[in-house]
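Written out below as structure tokens is the structure these notes cover.
The values are calculated or read from the model by the stated rules, or taken from the named source; none is laboratory data. The model shown is predicted, which means the values in this text are computed figures rather than measured ones. Cβ: placed from backbone, ideal geometry, glycine included. Neighbour counts: every protein chain shown.
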Amino acid sequence: MIKKLNTRQIEQYWEDGFTVIDRALPASLLAKMLRLTDEIMEDAKGLTESNECYDLEETHSLHEPRVRRLKSPFKHWAFFNEFLRSDVALDPVEQIIGPNIRLYNNKMNMKAPGYGAAVEWHSDWAFYPHTNDTGLALGVYLDDVDEDNGPMMVIPGSHKAGVIDHHSEGYFCGAIDPIKTPMAFSQAVPLTGAAGTITLHHVRSVHGSALNHSTKPRRLLLQGYFSADAWPLTGFRNGQSIEDFDALIVRGFSTLEPRLTNIPVKMPFPKAPHQGSIYENQQILKNRYFGSMGADKRVFK
């Protein structure tokens with residue numbers, strides 16, 4: 001049976017900017033996802049640098065292959081394309097953003113035992129502001145996640161804040177400087193749960209995650225969705241056509257009439273000197289909240 005959001009969870013989402021559905025994936029679906037992910041990781045052996053499929057840890061080597069992200073897995077493996085269009089994923093999403101849904105992005109962030117990279121505080125909205133903020137990210141935990149293996153943490157109510165700066169050294173870096181822009185970081189809620197748990201967070205919610213110092217992995221599949229009437233303010237990506245844009249409708253119908261709302265926006269320009277995934281973008285952040293491999297650069301301890 002497909003798990004949907006109950007009234008309490010919907011209220012929590014709108015009040016706090018996130019909610020969690022415990023063990024939402026059927027056991028057979030989770031097992032299939034795990035088998036495929038393990039096979040994909042085996043294929044990463046022999047890589048010397050990141051490519052269109054894999055984003056490698058800074059500590060990656062031929063002898064110790066380390067992957068921190070699968071880039072747009074739905075483009076490379078049919079299973080992930082099918083899953084992000086499935087009722088298991090879309091039924092709870094529709095409860096939040098309505099019946100007409102467009103996919104924005106898809107990735108899998110991986111924190112391997114003992115070295116999984118941190119992700120600094122940020123809001124997804126900073127990367128891709130739209131004409132309205134009816135958007136969210138759905139996450140799926142492939143592993144049991146507790147406070148020791150780098151859970152995603154969300155600051156309650158941060159989706160209601162005004163403009164939040166994500167710039168450093170004059171460039172958009174996709175991260176919040178905790179000294180320049182102090183927030184209630186200590187009040188962040190870790191989104192923990194068993195393997196198969198689904199998380200949902202508002203596109204404007206501020207979130208981040210620490211290094212994984214535990215002996216347990218933490219793999220998180222993420223799928224970003226918007227209402228079909230939300231159009232990107234930065235324009236189509238990577239030479240997209242209107243046909244490409246409409247092909248990302250995963251439920252319902254597209255529209256040529258964007259809905260405009262009065263919401264806080266700061267455009268993500270000039271672009272970060274290190275282009276690629278969020279890990280590259282965040283390299284120029286002057287003050288870090290979380291540690292990094294090889295050196296503890298935290299400004300808060």
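Testing ILE10 on (1) in a helix (DSSP H, G or I); (2) under 17 Å from the mean Cα position of the chain (by Cα); (3) not acidic (Asp, Glu), one condition comes back false. Which one is that?
With respect to (1) in a helix (DSSP H, G or I); (2) under 17 Å from the mean Cα position of the chain (by Cα); (3) not acidic (Asp, Glu), ILE10 is out only on (2).
Collect the residues in the range 160-175 that are out of contact with any strand residue (DSSP E or B) (no Cβ under 7 Å at 6 or more places or on another chain), hydrophobic (A, V, I, L, M, F, W, C) and under 24 Å from TYR13 (Cβ atoms), keeping them in residue-number order.
ALA161, VAL163
Hey, THR261 hits all of (1) surrounded by fewer than 16 Cβ atoms within 10 Å (Cβ to Cβ); (2) modelled with pLDDT under 90; (3) of a type outside the set (Phe, Trp, Tyr) but one; which does it fall short on?
For THR261, the exception is condition (2).
Of all residues in the range 29-53, which are in a helix (DSSP H, G or I) and either of a type in the set (A, V, I, L, M) or at positive phi (or both)?
Within the range 29-53, LEU29, LEU30, ALA31, MET33, LEU34, LEU36, ILE40, MET41 qualify.
Among the candidates ASP87, ASP124, which residue alone is charged (D, E, K, R), at pLDDT 95 or above, within 24 Å of LYS75 (Cβ to Cβ) and surrounded by fewer than 19 Cβ atoms within 10 Å (Cβ to Cβ)?
The unique qualifying residue is ASP87.
Out of the residues in the range 42-62 that are crowded, with 18+ Cβ neighbours inside 10 Å and among the hydrophobic types (A, V, I, L, M, F, W, C), state the one that is farthest from GLY116 (Cα to Cα).
For the range 42-62, the residue satisfying everything is CYS53.
Can you find a residue that is surrounded by fewer than 15 Cβ atoms within 10 Å (Cβ to Cβ), out of contact with any helix residue (DSSP H, G or I) (no Cβ under 6 Å at 6 or more places or on another chain) and modelled with pLDDT of 95 or more anywhere in the range 198-210?
Looking through the range 198-210, none of the residues is surrounded by fewer than 15 Cβ atoms within 10 Å (Cβ to Cβ), out of contact with any helix residue (DSSP H, G or I) (no Cβ under 6 Å at 6 or more places or on another chain) and modelled with pLDDT of 95 or more.
In the range 108-117, is there at least one residue being touching a strand residue (DSSP E or B) at 6+ places or on another chain (Cβ under 9 Å), of a type outside the set (Gly, Ala, Ser), in a loop (DSSP other than H, G, I, E, B) and crowded, with 21+ Cβ neighbours inside 10 Å?
Looking for residues that are touching a strand residue (DSSP E or B) at 6+ places or on another chain (Cβ under 9 Å), of a type outside the set (Gly, Ala, Ser), in a loop (DSSP other than H, G, I, E, B) and crowded, with 21+ Cβ neighbours inside 10 Å, one finds none in the range 108-117, hence no.
Which pairs turn up if I take residues in the range 158-186 that are aromatic (Phe, Trp, Tyr) and look for partners that are crowded, with 20+ Cβ neighbours inside 10 Å and in a strand (DSSP E or B) with beta carbon separation below 7 Å, at least 6 apart in sequence or on another chain?
PHE185/TRP121
In the range 213-245, which residues are in contact with a strand residue (DSSP E or B) (Cβ under 7 Å, 6 or more places away or on another chain) and farther than 19 Å from ASN106 by Cα?
PRO217, LEU233
Restricting to the range 142-171, and then to whatever is part of a strand (DSSP E or B) and of a type in the set (Val, Ile, Thr), can you tell me which residue is farthest from the chain's Cα centre (by Cα)?
VAL145
When you scan the range 277-297, do you find a residue that is surrounded by fewer than 19 Cβ atoms within 10 Å (Cβ to Cβ), at pLDDT below 95, more than 16 Å from ILE176 (Cα to Cα) and in contact with a Leu (Cβ under 9 Å, 6 or more places away or on another chain), even just one?
Among the residues of the range 277-297, at least one is surrounded by fewer than 19 Cβ atoms within 10 Å (Cβ to Cβ), at pLDDT below 95, more than 16 Å from ILE176 (Cα to Cα) and in contact with a Leu (Cβ under 9 Å, 6 or more places away or on another chain), which makes the answer yes.
Please verify whether the range 69-77 includes one or more residues that are modelled with pLDDT of 95 or more, under 29 Å from GLN240 (Cβ atoms) and more than 19 Å from the chain's Cα centre (by Cα).
No: the range 69-77 contains no residue that is modelled with pLDDT of 95 or more, under 29 Å from GLN240 (Cβ atoms) and more than 19 Å from the chain's Cα centre (by Cα).
So SER61 clears everything in (1) within 19 Å of the chain's Cα centre (by Cα); (2) over 20 Å from ALA195 (Cβ atoms); (3) among the hydroxyl-bearing types (Ser, Thr, Tyr) except one condition, right? Which one?
It is condition (1) that SER61 fails.
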